[in-house]
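The values are calculated or read from the model by the stated rules, or taken from the named source; none is laboratory data. Computed from a prediction, not measured in an experiment: that's the story for all the values here. Every residue, glycine among them, receives a Cβ derived from its backbone with ideal geometry; neighbour counts consider all protein chains shown.
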Amino acid sequence: MGRWKPDARGRLERAAYELFLDRGYDQTTVEDIAKRAGLTQRTFFRHYADKREVLFGGAGALQAELLAALDRVSPELPAIEAVRLAVEAMAAFMDVQRELARERRRIIATHADLQERELIKRAALTAALAQGLQRRGVPEPAASLAADIGVAVFFVAFARWVTGEAARELVDAVREGFDQLKAVAAGASA
């Protein structure tokens, strides 16, 4: 094994996904992942706290993108419109990772603890978006309601996108979701 090879984090991620899919999450160890990536366990722990974080390590970047997008939206827009634009921007940020998202979803679906962690990630994203709306002057409970709606639309669109039921681009699936929500709110069947 060489002393230093580029893209250690990416190699660890690819190795972990391969092993999780081949062997299962529970049967894969950090040692297995590091070995498959051609790295040491010590290097693994420089990048990830544990093997679960390989699947959830991007949550912070996703949340940061959502909040940065919300900050870029005109403060004059209604809360739900600001949420829609921020969620669309977050979706565009993720659009290039469809195959990885499919694999991640398959791995998470097989393990109850990972499903619970996914729900925690979703709740954290919703809370962060609600706080961002409050900083924009949106009062409670309107901020929490708008954040819940926006994150729900995102996750429904995401599920449709990774299974191939929705548009080719995630941002288009999110737009479709908001259009369907608007139709439901107007009393039309979607």
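Taking into account only those residues within region 32-56 that are of a type in the set (A, V, I, L, M, F, W, C) and buried (at least 16 other Cβ atoms within 10 Å of the Cβ), which is nearest to R122 (Cα to Cα)?
Of everything passing the filter in region 32-56, F56 is nearest to R122 (Cα to Cα).
Looking at region 106-121 only, could you name the residues that are assigned to a helix (DSSP H, G or I) and exposed (fewer than 15 other Cβ atoms within 10 Å of the Cβ)?
Hits for region 106-121 are R106, A109, A112, D113, Q115, E116, L119, I120.
Would you be able to say whether some residue in region 132-155 is at pLDDT 95 or above and hydroxyl-bearing (S, T, Y)?
yes
Quick test for you: out of R106, R102, R117, pick the one residue that is within 19 Å of V174 (Cα to Cα), touching a residue at least 60 places away in the same chain (Cβ under 8 Å), not assigned by TED's automatic domain parsing to the domain that holds A15 and not β-branched (V, I, T).
Every option except R102 fails the conditions.
So that you can scan it fast, the table gives a plain yes or no per residue for (1) under 23 Å from A89 (Cβ atoms); (2) under 13 Å from the mean Cα position of the chain (by Cα):
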residue	(1), (2)
A101	yes, yes
P141	no, no
I149	yes, no
D172	yes, no
A186	no, no
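Looking for whichever is without any contact (Cβ under 8 Å) to a residue 40 or more places away in the chain and within 29 Å of L21 (Cα to Cα) here; the options are A152, A130. Which one fits?
On the way: A130 fails: within 29 Å of L21 (Cα to Cα).
After applying the criteria, what remains is A152.
Condition (residue is surrounded by 13 or more Cβ atoms within 10 Å (Cβ to Cβ), free of Cβ contacts under 8 Å to residues at least 40 places away in the same chain, in a loop (DSSP other than H, G, I, E, B) and assigned by TED's automatic domain parsing to the domain that holds A130) applied to region 75-92: is it met by at least one residue?
The answer is yes; a qualifying residue exists.
Could you list, in sequence order, the residues of region 1-59 that are under 20 Å from I108 (Cα atoms), outside any helix (DSSP H, G or I) and among the β-branched types (V, I, T)?
Correct list: T28, T29.
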